[in-house]
Every structure is written in structure tokens, then in C-alpha cells.
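Read the structure below first, then the notes.
The values are calculated or read from the model by the stated rules, or taken from the named source; none is laboratory data. Predicted model, so just to flag it, every value in this text is computed and none were measured. Reconstructed Cβ throughout: ideal geometry from the backbone, glycine too, with neighbour counts over all protein chains shown. Only protein heavy atoms, including side chains, enter the accessible area calculation; ligands, DNA and RNA are left aside. Shrake-Rupley method; radii C 1.70, N 1.55, O 1.52, S 1.80 Å.
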Amino acid sequence: MKNKELRYQVNPLIKFHQIHDEVLFLFPKEKHFHALNDSGSWIWTQVRKGKSLPQMVKSFAKRYEISEAEAQRDIQAVIQALIQKKALKPRTR
């Protein structure tokens with residue numbers, strides 16, 4: 001899948017709840033919560049809306065008044081951390 005079309009999906013086994021600007025997670029095999037800050041929660045919301053990586057980068061850069069290159073690095077860091085925790089995975093279609 002080309003970067004232009006790259007999208008992610010939420011693992012259906014993850015339990016999460018959004019409270020104001022934070023997303024709280026409970027992973028199936030763990031006994032404690034994890035939290036995302038404002039920017040991480042924004043990324044999570046965009047993934048759930050089905051936004052592509054390039055769409056997220058443009059919006060994130062504008063929202064946080066940073067360059068698109070910096071936005072892409074930040075978004076990819078959050079997404080990779082969530083993939084490692086098995087909260088997200090790349091969409092296959």
C-alpha cells in the first residue's frame with residue numbers, strides 16, 4: 001500500500017474510553033490503564049475516522065503549528081508505539 005493510502009485500524013480487543021482530551025486504554029493481558037495525551041488522542045481519533053497518514057499529517061501540522069515533516073515524525077512515533085502495544089495495525093484494504 002502506498003504512503004498516500006496508508007491507513008490503520010483499531011484492534012477490536014482493546015478497550016478504550018475517551019475522557020475530554022485523553023484516551024485511556026486497557027489491554028487484554030494487562031491490569032493497568034495506559035493514557036494518550038492530547039496529541040496522541042487526536043491521532044487515535046483520526047485513525048478511528050479512517051483518515052490516511054497524509055490526511056493526518058496535514059491536519060496535525062496545522063493544528064499544532066509545526067512543519068509537515070515534524071508532524072509526520074510525531075504521528076508515526078505514536079502509531080508505531082500503538083502498533084507495538086497491538087492497539088493498532090495497518091489496514092489491509
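Within segment 29-56, the residues that satisfy the criterion of being open to solvent by 90 Å² or more (accessible area, probe 1.4 Å) and farther than 18 Å from PRO90 by Cα are LYS29, LYS31, HIS32, PHE33, ASN37.
Considering only residues that are in contact with a strand residue (DSSP E or B) (Cβ under 8 Å, 6 or more places away or on another chain) and surrounded by fewer than 18 Cβ atoms within 10 Å (Cβ to Cβ), which ones fall in segment 57-89? So that I can check it myself, show each step before the final result.
Initially, segment 57-89 is screened for residues in contact with a strand residue (DSSP E or B) (Cβ under 8 Å, 6 or more places away or on another chain), giving 78-79, 82-83, 85, 87-89.
Once the filter is applied, which keeps residues that are in contact with a strand residue (DSSP E or B) (Cβ under 8 Å, 6 or more places away or on another chain) and surrounded by fewer than 18 Cβ atoms within 10 Å (Cβ to Cβ), segment 57-89 yields ILE83, LYS85, LYS89.
Are any of the residues in segment 29-40 assigned to a loop (DSSP other than H, G, I, E, B), under 26 Å from LEU13 (Cα atoms) and touching a residue at least 60 places away in the same chain (Cβ under 8 Å)?
no
Taking segment 44-68 as the search range and keeping residues that are touching a residue at least 24 places away in the same chain (Cβ under 8 Å) and in a helix (DSSP H, G or I), which one is farthest from the chain's Cα centre (by Cα)? Among those residues, the one meeting the criterion is TYR64. Confirm whether LEU6 is open to solvent by 30 Å² or more (accessible area, probe 1.4 Å), touching a residue at least 40 places away in the same chain (Cβ under 8 Å) and not polar (S, T, N, Q). Against the criterion (open to solvent by 30 Å² or more (accessible area, probe 1.4 Å), touching a residue at least 40 places away in the same chain (Cβ under 8 Å) and not polar (S, T, N, Q)), LEU6 qualifies. Only one entry of LYS86, LYS58 meets the criterion of being under 13 Å from TYR8 (Cβ atoms) and basic (Lys, Arg), and that entry is LYS86.
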